[in-house]
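Undergrad: Okay, here's the structure, questions in a sec.
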Amino acid sequence: MSQLEIRSVSHWFGGLQALRDVTFSTSDEILGLIGPNGAGKTTLFNVISGFIVPTRGEVLLNGKAIHRLRADQTIRLGLARTFQIVKPFATLTVEENVLAGLGTPYYPKAEALYKIYRTRENLEKIEQMLEKVHLSEYRFSPAAKLPIGLQRRLEIARALATHPKVLLLDEPAAGLVAQEAEELADLIRDLHSQGIHIILIEHNMRFAMNLCQRIVVLAQGEIIAEGVPAEIQNNEKVINAYLGQE
Ligand SMILES: Nc1ncnc2c1ncn2[C@@H]1O[C@H](COP(=O)(O)OP(=O)(O)OP(=O)(O)O)[C@@H](O)[C@H]1O
Ligand SMILES: [Mg+2]
């Protein structure tokens, strides 16, 4: 099982310190990362997944430093993510979106997605991914036409196509109705039971508390609490951080 270690990570955007000496490690669990708006959650995901090189500190995946690697390099090591604002390739179909995630070395032209890479083997893999996220019936629909709940599933399918060991989900339940959120929670549990280590950012407290085995709370760039959901729910610092936001 993969282990991810965040060691003394600090990050500044000019004069603004978005992360302050963040240290924690995680393995074989569904870990929740919560905190008020602007706490630095997405910035931390950007650091872990290679979109930002932190000003200070390091990130290790199975003992290997990854904080200076580019996003495409961290993906090859088994680290995949989804985005807070869904970013499917809008004009491509659901199938083509997943095809793009399969990690072919390069795309000589856009048509490569339609012809060269549409091999039987790839199409079978896509079928499996779409089944996993229950999107098979939308295979040939343009991604932009899907409602938000299904676009979030598509993002997960595209991330799964890279065969991640660690999957980072940035607010996967945002915009979902209760029923969709429940289905998503089942899907995430399913992925975890298949050996994928999950870290998810969430604003929906009930969703995070029901799903996550452990929770790390960030406020103003700093970890203010860490523990099992029941501990976090009653933690005074956490309650104050959220009240301060109202
Ligand atoms: N590229 C950037 N340039 C400058 N400041 C940034 C940049 N990205 C984020 N910030 C700032 O860093 C801080 C942390 O932002 P971040 O997006 O990580 O918060 P968050 O916890 O994900 O918030 P939310 O819950 O609203 O998504 C905020 O003050 C934000 O304005
Ligand atoms: Mg965010």
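Undergrad: Show the residue pairs meeting these rules: Cβ distance below 6 Å; 6+ apart or different chains; first residue within the range 219-233 and of a type in the set (Val, Ile, Thr); second residue surrounded by fewer than 15 Cβ atoms within 10 Å (Cβ to Cβ).
TA: ILE224/LYS237
Undergrad: Identify, by number, the condition in (1) out of contact with any His (no Cβ under 7 Å at 6 or more places or on another chain); (2) surrounded by 15 or more Cβ atoms within 10 Å (Cβ to Cβ); (3) β-branched (Val, Ile, Thr) that VAL228 doesn't meet.
TA: Of everything listed in (1) out of contact with any His (no Cβ under 7 Å at 6 or more places or on another chain); (2) surrounded by 15 or more Cβ atoms within 10 Å (Cβ to Cβ); (3) β-branched (Val, Ile, Thr), VAL228 misses just condition (2).
Undergrad: Quick check on my filter: what residues within the range 192-211 are of a type in the set (A, V, I, L, M, F, W, C) and either within 16 Å of ligand 2 (Cβ to nearest atom) or within 21 Å of GLY78 (Cβ to Cβ) (or both)?
TA: ILE196, ILE198, ILE199, LEU200, ILE201, MET205, PHE207, ALA208
Undergrad: How many of the residues making up the range 10-30 are among the hydrophobic types (A, V, I, L, M, F, W, C) and within 16 Å of ligand 2 (Cβ to nearest atom)?
TA: Start the filter on the range 10-30 by keeping residues that are among the hydrophobic types (A, V, I, L, M, F, W, C), which leaves 12-13, 16, 18-19, 22, 24, 30.
Subsequent filtering for residues that are within 16 Å of ligand 2 (Cβ to nearest atom) retains 13, 16, 18-19, 22.
Residues meeting the conditions: 5.
Undergrad: Further question: Scanning the range 132-179 for residues that are within 16 Å of ligand 2 (Cβ to nearest atom) and not in a strand (DSSP E or B), which turns out nearest to THR93 (Cα to Cα)?
TA: Step one: filter the range 132-179 for residues within 16 Å of ligand 2 (Cβ to nearest atom), giving 152, 155, 168-175.
Next, only the ones that are not in a strand (DSSP E or B) stay: 152, 155, 171-175.
Numbers: ARG152: 14, GLU155: 13, GLU171: 23, PRO172: 21, ALA173: 22, ALA174: 23, GLY175: 22 Å.
Going through the qualifying residues, I end up with GLU155.
Undergrad: Also, I was wondering about something else. Being in contact with a Leu (Cβ under 9 Å, 6 or more places away or on another chain), away from ligand 1 (no atom under 16 Å from the Cβ) and of a type in the set (A, V, I, L, M): is that true of LEU33 here?
TA: Numbers: in contact with a Leu (Cβ under 9 Å, 6 or more places away or on another chain): yes; away from ligand 1 (no atom under 16 Å from the Cβ): no; of a type in the set (A, V, I, L, M): yes.
Spelling it out, it is not the case that LEU33 is in contact with a Leu (Cβ under 9 Å, 6 or more places away or on another chain), away from ligand 1 (no atom under 16 Å from the Cβ) and of a type in the set (A, V, I, L, M).
Undergrad: Now for a different question. I need every pair where a residue in the range 114-134 that is modelled with pLDDT under 90 has its Cβ under 9 Å from the Cβ of a residue that is of a type in the set (Phe, Trp, Tyr), sequence separation at least 6 or different chains.
TA: Pairs that qualify, where the first residue is modelled with pLDDT under 90 and the partner is of a type in the set (Phe, Trp, Tyr), are ILE116/TYR107; TYR117/TYR107.
Undergrad: Quick check on my filter: what residues within the range 32-67 are aliphatic (A, V, I, L, M), surrounded by fewer than 22 Cβ atoms within 10 Å (Cβ to Cβ) and outside any loop (DSSP other than H, G, I, E, B)?
TA: Those that are aliphatic (A, V, I, L, M), surrounded by fewer than 22 Cβ atoms within 10 Å (Cβ to Cβ) and outside any loop (DSSP other than H, G, I, E, B): LEU60, LEU61, ALA65.
Undergrad: Between VAL53, VAL47, which is among the hydrophobic types (A, V, I, L, M, F, W, C), at pLDDT 95 or above, at negative phi and in contact with a Lys or Arg (Cβ under 8 Å, 6 or more places away or on another chain)?
TA: Matching residue, one of VAL53, VAL47: VAL53.
Undergrad: Next up: When you scan the range 187-196, do you find a residue that is of a type in the set (Lys, Arg) and over 16 Å from the mean Cα position of the chain (by Cα), even just one?
TA: No, there is no match, as no residue in the range 187-196 is of a type in the set (Lys, Arg) and over 16 Å from the mean Cα position of the chain (by Cα).
Undergrad: So ILE85 passes all but one of these: (1) within 16 Å of ligand 1 (Cβ to nearest atom); (2) buried (at least 18 other Cβ atoms within 10 Å of the Cβ); (3) of a type outside the set (Ser, Thr, Tyr). Which condition number does it fail?
TA: All conditions pass for ILE85, except number (2).
Undergrad: Quick check on the range 180-191. Is at least one of its residues touching a residue at least 24 places away in the same chain (Cβ under 8 Å), of a type outside the set (Gly, Ala, Ser) and either within 16 Å of ligand 2 (Cβ to nearest atom) or within 23 Å of GLY50 (Cβ to Cβ) (or both)?
TA: yes
Undergrad: A further question on this structure: GLY78: of a type outside the set (A, V, I, L, M, F, W, C), closer than 14 Å to GLN3 by Cα, loosely packed, with under 15 Cβ neighbours inside 10 Å and away from ligand 2 (no atom under 13 Å from the Cβ), yes or no?
TA: Judged against the criteria, GLY78 is not a match.
Undergrad: Across the range 1-25, what is the number of residues that are within 18 Å of the chain's Cα centre (by Cα), buried (at least 21 other Cβ atoms within 10 Å of the Cβ) and touching a residue at least 60 places away in the same chain (Cβ under 8 Å)?
TA: Narrowing the range 1-25 to residues within 18 Å of the chain's Cα centre (by Cα): 1-6, 24-25.
After this cut, where a residue has to be buried (at least 21 other Cβ atoms within 10 Å of the Cβ) as well, the list is 4, 6.
If we keep only those that are touching a residue at least 60 places away in the same chain (Cβ under 8 Å) as well, we get 4.
Summing the residues that are within 18 Å of the chain's Cα centre (by Cα), buried (at least 21 other Cβ atoms within 10 Å of the Cβ) and touching a residue at least 60 places away in the same chain (Cβ under 8 Å) in the range 1-25 gives 1.
Undergrad: Given the conditions (1) modelled with pLDDT of 95 or more; (2) crowded, with 19+ Cβ neighbours inside 10 Å, and given that ALA241 satisfies all but one, which numbered condition is not satisfied?
TA: Exception for ALA241: condition (1).
The values are calculated or read from the model by the stated rules, or taken from the named source; none is laboratory data. Bear in mind the structure is a predicted one, so any value in this text is a computation, not a measurement. Note that each Cβ is placed from the backbone with ideal geometry, even for glycine, and that neighbours are counted across all protein chains shown.
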